[in-house]
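Presented below is the structure to which this report refers.
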Amino acid sequence: MLKASRNPDYSANISSNLLADILILNIPTVYGFYISWYAYSKLLKPIKVIKLTASIIIIFISYTLVWYVVDYLILPQIGEDYIPTSQFQFGHFVTVIFYIFIECNVVAFGFQFFKKTINHQRLLREIQNEKLEIEYAFLRAQINPHFLNNTLNFLYAKSLPLSKDLSDGIMNLSEIMRYSLQIDQNNQLMPLTDEIEHLKNVININRLTFNNCFYINLIINGDTNDCSIAPLTLITILENIIKYGDCTDQDAESYIKLQIDGDKNLAIETFNKKKSNPIEHSNGNNIENLQKRLKSYYGNNFKLITNDQESFTILNLKIPNKTAMA
């Protein structure tokens, strides 16, 4: 019996054509997967329903065209024995491709959803870590001032027998720290009496710094009880005077005057002589910051006017009673 001979070149040619068919036949699948994956990466989160729906429709149309070109135009030219997916009938062809597209699209959606889920979990971990860092920093910020305040109280007790000026200065600084902590914990209107006491402590500290050659008069007219004020209002005004005014001239008559009427409305007037040779010229930063703070508490229900002359500065501030506004 004769056996049929097999041509090695013929077998190699068949294998080569089969490999080419497989590679080309996967072009639509690769195209459909990656273009769907890209669309989901851009439009899935935050989801844009209209754009995503339109994109999927356009992708399906282009995917169908790619399938048609590969299945009916390219592969039949490469391999004579290649049989298309089905005899071309438009409705049947589109239906078959639609089911293939759904499988490809679902896989792309799954990959993209999985990727976004991982990224979301990583972002949550980063946010959680940042939150812990903020809480830790806040805890440190709370511990350090309390520690400093307690230390100042201890130093005050030790300095009492040694020097009255030293002990008074330490007590003033301790009271300033206590008031600052109180403001940090309660970002609300503060009693005017507390704000005045804080102002007096800062004035006393400056008097010690300038060896009692620090002259600024604090004048209070009216009943300060049951009055409230935005925190650090008076101290900001004082800091502006210290920074740009001459408070070492006893004849300059620098002052901060508070006038409280019967309805608990507050009027503040300040006067200070300017320094003859200032290290820096006033840029209004203190007053601008004060105006922003007042606006956050009172809206537009306050009036702040500054009269900045060559040799002196006058400030007028009118603050309404917050209770009456409510």
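Worth pointing out:
- Dipole magnitude of the range 206-264, debye to nearest 20 (Cβ charges: Lys/Arg +1, Asp/Glu -1, about Cα centre): 200 debye
- Ranking ASP261, ASP165, ASP71 from most to least accessible surface, computed with a 1.4 Å probe over the protein chains only, gives ASP165, ASP261, ASP71.
- Amide H contacts under 5 Å for ASP246, placed H, 5+ residues apart: LYS273, LYS274, LYS275
- Reachable lysines, given that their alpha-carbon falls under 27 Å from the alpha-carbon of LYS158 and they are not under 8 places away in the same chain: LYS200
- For the range 243-257, 3J(HN,Hα) per residue [Karplus equation, 6.51 cos²θ - 1.76 cosθ + 1.60, θ = phi - 60°, Hz, x = Gly/Pro]: 6, 10, x, 9, 9, 9, 8, 5, 8, 6, 6, 5, 8, 10, 10
- Computed extension length for VAL69-ASN289: 72.3 nm, one decimal, from 0.36 nm per residue of separation with the Cα-Cα distance subtracted.
- Using the Cβ of LEU258 as centre and a radius below 14 Å, the other residues enclosed give a net charge of -2, where K and R count +1 and D and E count -1.
- With 25 Å as the limit on Cα-Cα distance, the pairs of LYS51/LYS116; LYS257/LYS303; LYS243/LYS292; LYS164/LYS274 that go past it are LYS164/LYS274.
- Here the Karplus relation 6.51 cos²θ - 1.76 cosθ + 1.60, evaluated at θ = phi - 60°, turns the backbone of the range 289-297 into coupling constants of 5, 4, 5, 5, 5, 4, 5, 5, 9 Hz, with x for every Gly and Pro.
- Magnitude of the charge dipole, the range 197-326, Cβ model with Lys/Arg +1 and Asp/Glu -1, debye to 20: 360 debye
- Amide H within-cut-off set for ILE220, under 5 Å, with H built and near neighbours excluded: LEU258
- Modelled spin labels at ASN119 and ASN211, positioned 7 Å past Cα toward Cβ, are 6.7 nm from each other.
- Put simply, the amide H of LYS303, placed in the peptide plane, has neighbours under 5 Å in LYS318, leaving out anything fewer than 5 places away on its chain.
- In straight-distance terms, cross-link reach from LYS115 covers every one of the lysines whose alpha-carbon lies under 19 Å from its own, apart from those fewer than eight places away in the same chain; here that gives LYS42, LYS45, LYS48.
- Heavy atoms of VAL66: accessible area, 1.4 Å probe, square angstrom to 10: 40 Å²
- Here the simple spin-label model places points 7 Å from the Cα toward Cβ, and for LYS200 and ALA54 these points are separated by 7.1 nm.
- Each label was represented as a point 7 Å from its Cα along the Cα-to-Cβ direction; for GLN309 and ILE24 these points are 9.6 nm apart.
- Look at the dipole of the range 172-262 built from charges on Cβ: of ILE220, CYS247, GLN188, the Cα furthest out on the positive end belongs to CYS247.
The values are calculated or read from the model by the stated rules, or taken from the named source; none is laboratory data. As the structure is a computational prediction, the values presented were derived from the model and not from experiment. Reconstructed Cβ throughout: ideal geometry from the backbone, glycine too, with neighbour counts over all protein chains shown. When the accessible area is computed, the model is the full protein with side chains, heavy atoms only, and any ligands, DNA or RNA have been set aside. Shrake-Rupley method; radii C 1.70, N 1.55, O 1.52, S 1.80 Å.
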